[in-house]
Amino acid sequence: MGTPAKETVPEALRRAVGEERVGRPSASDVVDGGAPRWVARADGTDSAAAILRVAAEHGMTVVPRGSGSKLDTGGPAEEVDLLLDLSAADEVLEHAASDLVVRAQAGARLRDVQDVVARAGQQLSVSDPRPTATLGGVIATGTSGPCRQLYGGVRDLLLGLTVVRADGTVARSGGKVVKNVAGYDLGKLFTGSYGTLGVVTEAIFRLHPLAAERRWVAVRVPGSESAAEAARLFRVCQAAPTGVELDRPAGGEWITVCAELEGRVGATAQRAEELARSFERTLGTAGEVLARAPEWWDELPHEPGGTLLRLASAPADLGELVERVGRVEREHGVSLALRGAAGLGVLHGAVPAGVTPETVARLVEGVRVETGRLAGYTTVVHTPRRVKELVDVWGPVAPGVGELMRRTKERFDPEHRLAPGRFVGGL
Amino acid sequence: MESGALTPPARQEPRGDLDGCTARLRELLGREAVITDRQRVRTYECDGLASHRSVPAVVVLPENAEQVRAVVATCSAHGVPFVARGSGTGLSAGALPRSDGVLVVTSRMRRILELDVANERAVVEPGVVNLDVTRAAQPYGYYFAPDPSSQQVCSVGGNVAENSGGAHCLKHGFTVNHVLAASVVTPDGEEVELGGPAREAPGYDLLGAFVGSEGTLGVVTSITVRLLRAPESVRTLLAGFPTTDDAGAAVSAIIAAGITPAAVEMMDALSISAAEQAVRCDYPEGAGAVLIVELDGPHAEVEHTFTEVSEHCTAHGAFEIRTAADERERALIWKGRKSAFAAVGRISRDYIVQDGVIPRTALPDVLRRIAELSASSGVRVANVFHAGDGNLHPLVLFDGSDPGETERAEEVSGAILDLCVEHGGSITGEHGVGADKVRYMGRMFTPEDLDTMQSLRCAFDPEGLCNPGKVFPTPRLCGETPGRRRGVHPLTEAGLAEQF
């Protein structure tokens, strides 16, 4: 009942989804420096399933792609047989404004989804500074921005998911309602799984009302300890900030800590003023109230050709985290630009382009040792391929957890065909 | 008082070497912590859903994580199924014991291990009572957000298993949004820490999948919960409406105005009258529906929004609005709502507490259909619900001593779930599937959906020993761990065989 073994891969793919959806890779299809052998485009769940069935029949490795904005993230890609391009699956299928819910295809761009829901005065409380980022991509990488301090991350806003499994089986979990405990929540499992368990084709998210007014309160302080104290004050203040971020340019001593407030017209500005003034008493320097976000807000400090790290500790260890990173910087003679979620203790660190891969690798190891001492972690988000050959982009996981992850992968993708080698522990 | 349709006690073909297992458990925990006396184990035969009963063969009372690990490892080695139980307040028979297995009761694990205010979190043992976390955190200006109605007795371990919600999850989320880490004993007896002190760590979010897995992926031995800053201001309002449609329209208007209240609760005439008889909550007379709306947050925001909420209520027909001037008055407003389930026991010998979810906008239609179901079957239904998120708790009233009534009530109860699924909702919003709703899972999910979920279960519990018979209607045989295979099978390539 299988496909005649003589049928070639492109023939099988064309039979499954049509001539025009199958081709050879272009420059934008390059995965982590290597070109896949084939590219097949899906416009929805059915065609993605048809493509994955062919891939299963022919034992092909598959990497899913939305707009490709994070395609270089993850472990070094092994040879990729098939790139499953979901950029044409870009429809916002349903915006139930009165229920504050949106259902869209995985290839839909986050910005397009925001435009649609904004017409009803709503927002999806997820952000990704990469302008072309798709829903599938933010789910696969678990990426969100400053507002996750208040609203939670992607996993906390995802209500339902449609995935296609390695063998082409379509499965759904969750649903269209916020409150739902029927069955396992596979949305959590798939968020941040980097395409290694299945291909996300559709997602349902909860929405929030767009705030009528926003203000930013920024305070500039010298050194890590006072920055940590500022972040703490923002975190515990009664103004309920949506985000608490910090920015330390490369080579700088001064750190800006900034919080976003949102709410009713008038009331928000009032809260911001009160908060800014309170810093005179607590930090010895008044904060500044801004009507617009600072230009670095929700932007990555990354530059093309450079390396972007993600480093984290418990929120209360923020000062120690910045201090220790500083020591590693001095040791290797490299200055990082630091920026990120000070309120959560999760920062991005950018190594400029031009630093040798060997130095970047040693720097990553050095920072990793320090974050490890704080029970935190260091991962590499973007970096040239050469660096990935020198250092594990993910870093270690506890043995027991690693074993459970391996067993999970075995059950979902026993042949290790989905994004092989790209995830934690070489999964 | 509360009861549902009685089903015969579950009988299971004994699995594993129970005698050997029990003997070993006594060696490990001491005789006093291992109960087999028929009279004593019988007290654990059901959880909060008394219509499902099964007397456990053995009950163990571990005192610490190491003992839990030893118990699970012993069960695993002897092939004996085990079920974890916290306070036993669950309403889906999620902690229904196995007559051939061990019930692991966490009631002796009630220590708050750490209160880490600097990191806004607490580390607690699974038997710690939900409200005790808030009590411990209160002096520092913090609280634990999930607040199921049973919060004075239910355990945090149970909250983790069920992903418990509560009235305030509309704004603040469910247990899963408030658990930062958990120590878990996997069904093969290994202790693993999921999550950790640093947020958003890389790797599969096994913690997120574990919370709400209803005890089928392992037993939790400690939980790190997030503490929320107690809000600067809390305002509570009670509004009386002529009908549920009016109250529902007010809720829609509030949400459409971009307001996210901490809680929005609704009760219909029958549940109001039951609460009135039980606790004299003194709700507005003649109300066909009452709404309780609570707002929390920064003072200036709350004051402003509170006025707006009152206006929306008035505009949609509220004939009386009361606002709580202090904590005592707030408690009074909540009294009727919080006692609603138990109060129904006063007006009906038996009742089923249903738990379904619909998109909030479907509320008027679904309530009308429930009223029709009630009228055509002659079975009374009282409605209490979390109106903000469409989580209905219809109370289906019946008299089990009346021949045929039990069946009629069950039919109505099931038909209500069908209505929920038909409107794009869920068969359970917060009580869980447990043993009670496995029969409805197929109405919401395809066999492929369920099979995919069970792939995760097979990763954790390939032998199917951990709380078997819950969540999934048909257990999946996990078989051998699949071997790693890449590329085309050599036989296929050689043209000697086709791959199926």
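The values are calculated or read from the model by the stated rules, or taken from the named source; none is laboratory data. No experiment lies behind these values; they were computed from the predicted model shown. Don't worry about glycine lacking a Cβ; one is built from the backbone with ideal geometry, like all the others, and counts go over all protein chains shown. Please note that ligands, DNA and RNA were not included when accessible areas were found on the heavy atoms of the full protein model with its side chains. Shrake-Rupley method; radii C 1.70, N 1.55, O 1.52, S 1.80 Å.
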- Message: Rounded, prolate or oblate for chain A? Axes are the square roots of the Cα gyration tensor eigenvalues, ordered a ≥ b ≥ c, and the cut-off for rounded is a/c under 1.5.
- Response: oblate
- Summarise the partner chain shielding of A:155-167 as one whole number: the mean count of Cβ atoms from other chains within 10 Å of each residue's Cβ. 2
- Plugging the Kirkwood radius over Cα pairs into Stokes-Einstein for the protein assembly as shown, at a temperature of 25 °C and a viscosity of 0.890 mPa s, what D comes out in µm²/s? 85 µm²/s
- Query: So for the protein assembly as shown, taking the charge dipole from beta-carbon charges (+1 Lys/Arg, -1 Asp/Glu), which of B:G195, A:T282, A:W38 sits furthest toward the positive end?
  - Reply: B:G195
- Task: Could you pull out every one of the aspartates and glutamates with an alpha carbon less than 17 Å from that of B:K335, ignoring same-chain neighbours closer than 8 positions?
- Result: B:D147, B:E265, B:D268, B:E276, B:D282, B:E285, B:E294, B:D326, B:E327
- Query: Once you sort the root eigenvalues of the Cα gyration tensor of the stretch A:345-427 as a ≥ b ≥ c, which label holds: rounded (a/c under 1.5), prolate (a/b larger than b/c) or oblate (the other case)?
  - Reply: oblate
- Query: How large is the charge dipole for the stretch A:307-389, taken about the Cα centre, if only the Cβ atoms of Lys, Arg (+1) and Asp, Glu (-1) carry charge, to the nearest 20 debye?
  - Reply: 220 debye
- In Å and from the alpha-carbon atoms only, list the Rg and Dmax of the stretch A:214-302. 12.3, 39
- Task: Name the lysines eligible as straight-distance cross-link partners of A:K70: C-alpha to C-alpha under 27 Å, and not fewer than 8 places from it in the same chain.
- Result: A:K188, A:K388, A:K409
- Task: Compute the accessible area per residue over chain B, keeping the other protein chains in place, probe 1.4 Å, unit Å².
- Result: 37 Å²
- Note on the structure: Among beta bridges assigned by DSSP with both residues in the protein assembly as shown, the antiparallel ones amount in percent, to the nearest 5, to 90 percent
- Query: What is the log10 of I(q)/I(0) for the stretch A:242-289, computed with the Debye formula using one identical point scatterer on each Cα and no solvent, at q = 0.30 Å⁻¹?
  - Reply: -1.12
- Efficiency of FRET between B:A315 and B:Q152 - r from beta-carbon atoms, R0 25 angstrom, step 0.05: 0.10
- Message: Give me the dipole magnitude in Debye, nearest 20, for the protein assembly as shown about the Cα centre, with unit charges on the beta carbon: positive for Lys and Arg, negative for Asp and Glu.
- Response: 880 debye
- If we sort B:194-203, B:22-31 on the protection proxy, mean other Cβ atoms within 10 Å, highest first, what's the order? B:194-203, B:22-31
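What is the packing order of peptides A:32-42, B:455-465, taking the mean over residues of other C-beta atoms within 10 Å and listing the highest first? Working shown, then result.
Values: A:32-42: 20.2, B:455-465: 21.8.
Put in order of decreasing packing, that is B:455-465, A:32-42.
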- Task: State, as an integer percentage, the relative contact order of the stretch A:151-278 based on alpha-carbon contacts under 8 Å between residues 6 or more apart.
- Result: 23 percent
- Message: Running a GNM on chain A with Cα contacts under 10 Å, which residue among A:A269, A:A106, A:A228 ends up with the highest mean-square fluctuation?
- Response: A:A269
- Can you give the relative contact order of the stretch B:214-322 as a percent, counting alpha carbon pairs under 8 Å and 6+ residues apart? 44 percent
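For A:A133, what charge total do you get from the other residues with a beta carbon under 11 Å from its beta carbon, if Lys and Arg give +1 and Asp and Glu give -1?
In short, +2.
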- Average partner chain C-beta neighbours within 10 Å, per residue of B:180-186? 1
- Message: For B:Y351, what residues show an amide H to amide H distance below 5 Å, using hydrogens built from the backbone and excluding near sequence neighbours?
- Response: B:S3, B:F398
- Note down the relative contact order for the stretch B:112-229 as a percent, whole number, built from C-alpha pairs under 8 angstrom at least six residues apart. 32 percent
- Query: Which peptide among B:216-223, A:146-153 comes first, and what is the full order, when sorted by highest mean count of other Cβ atoms within 10 Å?
  - Reply: B:216-223, A:146-153
- Message: Run lengths n ≥ 4 of DSSP H only: what is the helix-derived mean residue ellipticity at 222 nm for chain B, with -39500 (n - 2.57) per run over all residues, to the nearest 500?
- Response: -10500 deg cm²/dmol
- Message: As I understand it, the dipole of the protein assembly as shown uses +1 on the Cβ of Lys and Arg and -1 on the Cβ of Asp and Glu, about the Cα centre. Which of A:A267, B:A57, A:F234 lies farthest toward its positive end?
- Response: B:A57
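Gain in length, B:A257 to B:R349, computed as 0.36 nm per residue apart minus the alpha-carbon separation, to one decimal in nm? Kindly include the intermediate steps, with their values, before the conclusion.
Working: separation 92, 0.36 × 92 = 33.12 nm, distance 4.21 nm.
Contour length minus the Cα-Cα distance gives 28.9 nm.
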- Task: Enumerate the amide H contacts of B:T221 below 5 Å, restricted to partners 5 or more residues apart or on another chain; note that Pro and chain-start residues carry no placed amide H.
- Result: B:S183, B:V184, B:V185
- Message: Of A:S26, B:V433, A:L404, which is farthest towards the positive pole of the protein assembly as shown's charge dipole, taken about the Cα centre with +1 and -1 on the beta-carbons of Lys, Arg and Asp, Glu respectively?
- Response: A:L404
- Quick one: what do you get for the stretch A:42-182 if you divide its Cα Rg by 2.2 N^0.38 Å? 1.08
- Query: Other chains near A:257-267: what is the mean number of their Cβ atoms within 10 Å of each residue's Cβ?
  - Reply: 3
- How about A:K6: which aspartates and glutamates have a C-alpha closer than 13 Å to its C-alpha, ignoring those fewer than 8 places off in the same chain? A:E57, B:E493, B:E498
- Item | Charge dipole magnitude, Cβ of K and R +1, D and E -1 - chain B, Cα centre, debye nearest 20 | 960 debye
- Those residues of the stretch B:433-460 for which accessible area with every protein chain present is at least 40 Å² below the isolated value (1.4 Å probe): B:F445, B:D449, B:T452, B:M453, B:S455, B:L456, B:A459
